[in-house]
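Just so it is clear, none of the values below were taken in a lab; they were calculated from the coordinates. Treat the numbers as computed from the prediction; the structure is a model and nothing was measured. FYI the Cβ positions are ideal-geometry reconstructions off the backbone, even for glycines, and counts take in every protein chain you see.
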Amino acid sequence: MPVLLFLIDTSASMNQRTHLGTTYLDIAKGAVETFMKLRGRDPASRGDRYMLINLEDVPLGIKAGWKESHATFMMELRNLQAAGLTTIGQSLRTAFDLLNLNRLVSGIDNYGQVCCTQR
């Protein structure tokens, strides 16, 4: 059951516009939406869980956790706004901490291991 985590830069610089007039944030949102649509067509994606994080401090930066519905994920993605500063280092740390927490909760690190007790 894969967990896919999307970390979206929502700093004010993402309000910059391309030559087509779309903002960088709109492009990032579109890329995630396209990925979700394409992934959803694959039968192997039935057990996928998704997380959405932006650059705000925890807990505000966690927009959709791995237990949220697909509809909640998409709503939070569409509602992202670009404002504030870039805290990419702390945001990456938060993303990896959350993924490690998921590994701990799901017991993924225990798959294939045999526990033996000595007599």
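Listing for the model above:
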{"read-out": "Ranked E33, E76, criterion: other C-beta atoms within 10 Å, fewest first", "value": "E33, E76"}
{"read-out": "Net charge dipole size for the chain [Lys, Arg +1 and Asp, Glu -1 on Cβ; Debye, nearest 20]", "value": "340"}
{"read-out": "Helix-only CD estimate at 222 nm, as mean residue ellipticity for the chain, using -39500 (n - 2.57) per DSSP H run (n ≥ 4)", "value": "-12500 deg cm²/dmol"}
{"read-out": "Projected label distance in nm at L99 and R17, using a 7 Å step from Cα toward the beta-carbon", "value": "3.6"}
{"read-out": "Spherically averaged projected area in nm², based on the convex hull that wraps the Cα atoms of the chain", "value": "9.8"}
{"read-out": "Surrounding net charge for S45, when Lys and Arg each add one and Asp and Glu each subtract one, Cβ distance under 13 Å", "value": "+3"}
{"read-out": "Extension gain from A31 to E76, taking 0.36 nm per residue of separation minus the Cα-Cα distance", "value": "14.7 nm"}
{"read-out": "Gap separating the Cα centres of segment 47-75 and segment 14-34, nearest whole Å", "value": "19"}
{"read-out": "Distance in nm between pseudo-label sites at Y24 and A83 (7 Å out along the Cβ direction from Cα)", "value": "1.9"}
